[in-house]
Amino acid sequence: MKHSIPLLFVLVPALGFSQAQVKKIDESISGQKAAYESWYKHLHANPELSTMEEKTAAYLKKELLSMGYEITDSMGYHSFAAVLRNGKGPVVLYRTDMDGLPLKELTNLDYASKVQVKRGEETVSAMHACGHDIHMSSWLGTARAMAEMKSLWTGTLILLAQSAEETGQGAKKVVASPAFRSLPKPDIQLAFHDHAELLTGQAGFCDGFAMAATDMLNITFYGKGGHGAVPQQAIDPVLLAAQFVTAIQSIVSRNLSPNDPAVITVGAINGGTVGNIIPDQVTLKLTIRSYSKESRELIFNRLKTIGNNLAAAAGLEKDRMPVFDLLDMSIPSVYNDPILGERLRNNLVAKLGEQSVTKVQPIMIGEDFGIYGQQESRIPSYLVWIGTVSPERKELARQGKTELPSLHSPRFAPDYQSAIPGAVRVMTNSLMDLMPKQK
């Protein structure tokens, strides 16, 4: 019976809404734009790579403590949660990610990152090219709005700051940590990701499978080395690898339904030293993207069947069959709960107008937010896309007078002045609808 009231809040949309509440949220946002800019420029100029986000986490905690949140640490790497308890009601978790990318920034902005990081033997540049600085700044803005307007909602808000999203390892650490399990169990889980083409203030929705499961697989083909001029005395693993790369192109097109998308990409082939020596082995490095568990299993089975049969046809014995090494980087697909999505959309349309929402297509990019929704007890979860392009810039792009660099581009530069207030507006109105003031 414990979860009956929160479940009612999820499944039964509110019959009305308060324009006075919307006005208060807008007034709060309007008064915080200087803080948004300060947070964003600091975070953008000081990125930290995956698992290294110590200073970023400390910065966020300091801000949240000043707003009255309780901090819970020790959730893997530098992940932590900030909790605001506000009476009886639903428990809603809202996640942000913190890590940057190993990339040299080429935006020429006056607040551009010049950070360089020692990583093992090499020194690399760092940049927030995926917009996690937008995520964190908007998350802080929403945190402040919710703290200032506690009289308008009830329940428990959990703000989760997560390390290592870019490597797909952060969420696994969080859900496995005793500290995370000690928190109140969420009834709903939310996140957003900035979108490089949507208009600022706009929320993009994709019900069901929205982002792909991601696997990284290394395959080593063995052979029998020899002189390149007498190939009949050798078994050529380069030829085997080439045949394999060609053969696996049929897996998606001929083994999966056209309505069940997947991607298999061979990103690297490593083997051999010089042109006149046939090597003993060749290694392929693959990424595999899929949505359903059934598709993922079929792809892996077909990869192994094709690889083993090619090796056997080349005359290799059983102890020289290919070795398939699935790296510890796998993450599940992001599945957006359709009922929760309908609730969120209806609320935003009612409060902010039809123009505030749009439909987006599922993509093959991976995101470890899917891990939170696929725990033992399935929790309704939704990742919303948020626009980062101002109408003025969108029009210039339409005219061919400017470009809209994609996520992970060294030139990615969101229009933060309108993107952050837009995101705070979407997320705050959504949270207040999910945690309405109880009579």
- Message: Yes or no: region 315-337 includes at least one residue that is open to solvent by less than 20 Å² (accessible area, probe 1.4 Å), in a helix (DSSP H, G or I) and not hydrophobic (A, V, I, L, M, F, W, C).
- Response: no
- Identify the residue in region 65-77 that is part of a loop (DSSP other than H, G, I, E, B) and not small (Gly, Ala, Ser) and, among all such residues, is farthest from residue 158 (Cα to Cα). 77
- Taking the options 215, 236, name whichever one is closer than 25 Å to residue 166 by Cα, at pLDDT 95 or above and either acidic (Asp, Glu) or open to solvent by 20 Å² or more (accessible area, probe 1.4 Å) (or both). 215
- Count of residues meeting criterion [closer than 14 Å to residue 118 by Cα and part of a helix (DSSP H, G or I)] in region 40-64: 0
- Could you grab me the full set of residues in region 269-302 that are small (Gly, Ala, Ser), over 21 Å from residue 235 (Cα atoms) and assigned to a strand (DSSP E or B)? 290
- Message: Quick test for you: out of 191, 242, 247, pick the one residue that is among the hydrophobic types (A, V, I, L, M, F, W, C) and either surrounded by 21 or more Cβ atoms within 10 Å (Cβ to Cβ) or at positive phi (or both).
- Response: 191
- Give me the pairs, please: first residue somewhere in region 230-242 and touching a residue at least 12 places away in the same chain (Cβ under 8 Å), second residue anywhere and of a type in the set (Phe, Trp, Tyr) and not in a loop (DSSP other than H, G, I, E, B), beta-carbon distance under 7 Å, and either six or more positions apart or on two chains. 237/221; 237/222; 240/221; 241/221
- Item | Pairs with Cβ under 7 Å, 6+ apart, first in region 250-271 and closer than 23 Å to residue 221 by Cβ, second loosely packed, with under 10 Cβ neighbours inside 10 Å and modelled with pLDDT of 95 or more | none
- Mind checking whether some residue in region 81-101 is in contact with a Cys (Cβ under 7 Å, 6 or more places away or on another chain) and open to solvent by 10 Å² or more (accessible area, probe 1.4 Å)? yes
- Query: Within region 419-432, is there a residue that is at negative phi, among the hydroxyl-bearing types (Ser, Thr, Tyr) and open to solvent by 20 Å² or more (accessible area, probe 1.4 Å)?
  - Reply: no
- Task: Residue by residue through region 138-153, note down the ones that are among the polar types (S, T, N, Q) and either open to solvent by 30 Å² or more (accessible area, probe 1.4 Å) or not in a helix (DSSP H, G or I) (or both).
- Result: 151
- List pairs: first in region 364-390 and within 18 Å of residue 434 (Cβ to Cβ) and open to solvent by less than 20 Å² (accessible area, probe 1.4 Å), second among the charged types (D, E, K, R) and assigned to a strand (DSSP E or B), Cβ under 8 Å, 6+ apart or cross-chain? 369/95; 372/95; 386/194
- Message: I need a count of the residues in region 1-24 that are assigned to a helix (DSSP H, G or I) and either of a type in the set (Gly, Ala, Ser) or modelled with pLDDT of 95 or more (or both).
- Response: 2
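The values are calculated or read from the model by the stated rules, or taken from the named source; none is laboratory data. All values derive from a computational prediction rather than experimental measurement. Glycine also receives a Cβ, built like all others from the backbone with ideal geometry; neighbour counts cover every protein chain displayed. Calculation scope for accessible area: heavy atoms of the full protein, side chains included, ligands and nucleic acids excluded. Shrake-Rupley method; radii C 1.70, N 1.55, O 1.52, S 1.80 Å.
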